[in-house]
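Contents: one structure, followed by commentary.
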Amino acid sequence: MEQFLQAGIIGISLGAQYALLALGFTLIFGILGVVNFSHGGFYMLGGYVAYACVDRLGVPYPVAVLAAVGTTAALGWVFELLLIERLVDDHLATLMLTLGLYLVMSTAMLEVFGPLAMDFRFPITGALRFGPVYAPLENLVVLGICLTAIMGLWLVLFRTDIGRALRALADDRAVAMAQGLRPKLLFPAAFALATGLAGLTGALVTPILSLSPGVADPVLATSFLTVILGGLGSLGGAALAAFIVGIVEAYSSVYFGGSIGALILFVLVLLLLVFRPTGLLGREVRGA
Amino acid sequence: MSELRVEGLAKRFGGLRVFQDINFAMPAGSLLGVIGPNGAGKTTLINVISGRQAPSAGRIVLDGRDITGQPAHAISRLGLARSFQQTNTFKSVSVRENIGRAIRFGQRGMPKGLESLLAEFGLSDRLDEQSDKLPYGLQKMLGLVMAFATGPRVLLLDEPAAGLERAERHHVDLFVQHVRDAGASVLIVEHDMDLIRRMCPRILVLDAGVLLADGPPAEVLARPDVIAAYLGDTEEAA
Amino acid sequence: MSGSLLPRARLLGGAEIAAILVFAACFAVPMMTKSVLVFSVLNQALVGVVAAQSVWIMLRMNLMSFASPAFMAIGGYTVAIAGQYEITNVFLLTAAAFILPALVAIPLGALVLRLRGTYFVLVTFVLSQIMQLLLFETPGLTGGSNGISGIPPVNVLGTDMATNRQVVLFACGIALLATVITACLTRYFKQHFAAIEENEILAESLGLVVWRYKALGFVVAAGIAGLAGFSLVTMLLTAHPSSFDSGTAVDFIAYTIIGGRASILGPVVGTALMVYATNLFGTHGQYAQGLYGVLILVVVLALRGGIVGTVETLVRKLRGAS
């Protein structure tokens, strides 16, 4: 029973991290129609920026996290405005652009920080004890911040003008543009929002897990998995799927070990992608 | 002996009804006009009959054979071809290769009259030009010629005159004449009322997804409900 | 004029013949040098080019596939497992390395070819992830995370391909075979593939059975990838999951895009240059990824034809000017 609850806590906190990543990924797909291969790269970059701020500049960790968010969001904005923008209607070309950016980013990190894992620790340690169940404090803090960020994103998207405009663009770009919405401003904004979320997740999670140039690939794969499961472009679907993926991963690693859980999820996603490309909660499919 | 029959045809996208309960028949060698205001469901009707989209209900029968739900390539090979509203050619290759692909993919050999049609449109001298370098009107004609080059017995034309200059519109008459000389029947969706009056002995009026009228243009266009639904809209289109 | 509207294509064009000649010429290289470095670089390039051709076949129909490592794994592990039963006959192994992945591709193709564009990219990415996990989860068959090592040398007409030189010669043979198959397929169906690449909806409305050509391309591309897997495990003498990581698909796509996707020379030139450049980084081979990234950005933004396409355009312009 303790084991069951323990795995549940891990699953939920994994789910919250995945949700932040998947929300950003699905936002970019929904609004721009771009499959962002550099999403894992922005997670990694967020981690390295936070690490550099703490370790090299001696800045307090919370400030370092904000710096990571700012840096990744700014880079996302510039990248969208200068490169993606030119080819935004050619889905394969934009996919290649994000792939190219990712390769450049990970090589740059390799050059600056080397191939080894950084000694980057979360500033809060210890655990809370609920009867027989332990909950590491760092996981609880990250969970709290992730849930706050998800709430914040929800408020931005559903309670502000820019959020309404972004959702209108995601619904139907032609109609939204005919109504005078300006993609020139909104596309970079959406991209920056998404990459900033990836950077935030990286800054929060890499000190708990690990920080090396290799962390980006699995993050990208998990983001794919989650957004396909939830339905490409669907925000609610991405959030729901993220918790499903997190919980399945946590329980399967406790009860089966190895990668059986991941295998099951991937096969499930393959079948879903083929027979219901709209995912669990998705709607109309773009371009398929 | 090529008859197209449409029975109780309907198309919905999710909860949105595009058209419903469409019934008509086209005898072999006939010419049928379809008119209706924008958004009446005309292009979707062509998409559904040609197999590009599946119908939500109803049957499509070609020569007594039920072709409902068949994929687009199968319907094309059974002898039902279509043109597109926008210019639609293989833009990166020459006129010759475009027509060559149509003949090859259609698999019925080169239809009678294709060469004279090319000559009359002035395309025979431009066979080696890249198709997207042609003037708009000629690109559009090339699209029509390609549909004809598959050797169809029934041809659906989606606004063939749209975007053409006034002086070019007789090309459409010429084209339809050629197709009918080759023994095929033609369904033509069009906004140009002069063209419809001039060419079609019979027209259908589609309004908001419902078949409003079916008959000779003089009779149909005089009906008050047709005038109310449609003719107010044509002032700008004509 | 009827003849002129339906020109008969020659079976092989200039680019195809040039590509085949390149690999025929490769046979001479191991005769001219004993340099271990040359052998190593050439061997890597010969493996990479086969995988890149597998990617290129699908790109002919505007489908970007990340599945090549999965089919390479099937081909590679087939050979490795056969080796455990002491089957080393080159003809048998080549046939198996091509046919098994191709057979697996038939049902998979029926599933995944329903998707286009970015959805196809995603589903093939998922496929290679699944293959990776399957390799780890089936230790009885594939050796799990240890892989299969000690693969016996391939036997060609009674001779074991045991030395470096022989392995390179064998890789030349596989690359030549893959190039001939790829050239024949893409040349014979040139009009069909090009029509699907440019305007699938129009092609279908003209009566082209689009799914048939996509399926054919997918199955042959899987077989070609299987050959690349065969060549890879023969070079490494071991079959290991890390050799078939889904990340390697990025390399093969980079080779193809950078070399140019319009002609079969694209993957050939792209692979040769990229593998060569990677080796220039010496022990810091991982930095080559950054170079790939920059070149991908340049090609997508500025030189859409890649290296081969750009050179072709330049030559045409120079000819036009003179």
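The values are calculated or read from the model by the stated rules, or taken from the named source; none is laboratory data. Everything numeric in this text was worked out from a predicted model, so none of it was measured. Note that we place each Cβ from the backbone using ideal geometry, even for glycine, and neighbour counts take in every protein chain shown. SASA here: full protein model, heavy atoms, side chains in, ligands and nucleic acids out. Shrake-Rupley method; radii C 1.70, N 1.55, O 1.52, S 1.80 Å.
A few points about this structure:
- Top-ranked residue of the stretch C:275-292 - restricted to ones that are farther than 17 Å from C:F23 by Cα and either more than 14 Å from every other protein chain (Cβ to nearest Cβ) or at pLDDT 90 or above (or both), ranked as surrounded by the most Cβ atoms within 10 Å (Cβ to Cβ): C:N279
- Failed item, numbered, when C:F136 is tested on (1) within 14 Å of chain A (Cβ to nearest Cβ); (2) open to solvent by less than 30 Å² (accessible area, probe 1.4 Å): (2)
- Filtered residues of the stretch C:186-199 (kept if over 11 Å from B:F90 (Cβ atoms) and part of a helix (DSSP H, G or I)): C:T186, C:R187, C:Y188, C:K190, C:H192, C:F193
- Scope the stretch C:297-307; condition closer than 17 Å to C:N62 by Cα and either at the interface with chain A (Cβ under 7 Å from one of its Cβ atoms) or not in a helix (DSSP H, G or I) (or both); matching residues: C:V300, C:R304, C:G305
- The stretch C:216-241 - residue that is open to solvent by 30 Å² or more (accessible area, probe 1.4 Å), assigned to a helix (DSSP H, G or I) and touching a residue at least 60 places away in the same chain (Cβ under 8 Å) and, of those, farthest from A:L92 (Cα to Cα): C:M235
- Helices (runs of 4 or more DSSP H) lying entirely in the stretch A:7-117 (those with 2 or more residues that are within 14 Å of chain C (Cβ to nearest Cβ) and more than 28 Å from C:T118 (Cβ to Cβ)): A:91-113
- Within the stretch C:312-322, the residues that satisfy the criterion of being part of a helix (DSSP H, G or I) and surrounded by fewer than 16 Cβ atoms within 10 Å (Cβ to Cβ) are C:T313, C:L314, C:V315, C:R316, C:K317, C:L318, C:R319, C:G320, C:A321.
- Residue check, A:V156 without any contact (Cβ under 8 Å) to a residue 60 or more places away in the chain, surrounded by fewer than 19 Cβ atoms within 10 Å (Cβ to Cβ) and among the β-branched types (V, I, T): yes
- Taken together, C:G260, C:G270 contain a single residue that is under 19 Å from the mean Cα position of the chain (by Cα), on the phi > 0 side of the Ramachandran plot and not basic (K, R), which is C:G260.
- Test: residue in the stretch A:253-274 that is modelled with pLDDT of 85 or more and away from every other protein chain (no Cβ under 14 Å): no
- Members of the stretch A:116-133 found to be surrounded by fewer than 16 Cβ atoms within 10 Å (Cβ to Cβ) and under 21 Å from A:I10 (Cα atoms), listed by number: A:R121, A:P123, A:I124, A:T125, A:G126, A:A127, A:L128, A:R129, A:F130, A:G131, A:P132
- Matching residues, the stretch B:85-96, being open to solvent by 40 Å² or more (accessible area, probe 1.4 Å) and not polar (S, T, N, Q): B:K91, B:R96
- Count of residues meeting criterion [within 12 Å of chain C (Cβ to nearest Cβ) and either touching a residue at least 60 places away in the same chain (Cβ under 8 Å) or closer than 17 Å to B:V172 by Cα (or both)] in the stretch B:118-135: 3
- Test: residue in the stretch C:114-123 that is closer than 24 Å to C:R165 by Cα and touching a residue at least 12 places away in the same chain (Cβ under 8 Å): no
- Considering the stretch B:97-117, and only residues there that are open to solvent by 40 Å² or more (accessible area, probe 1.4 Å) and more than 9 Å from every other protein chain (Cβ to nearest Cβ), the residue that is nearest to C:L206 (Cα to Cα) turns out to be B:K112.
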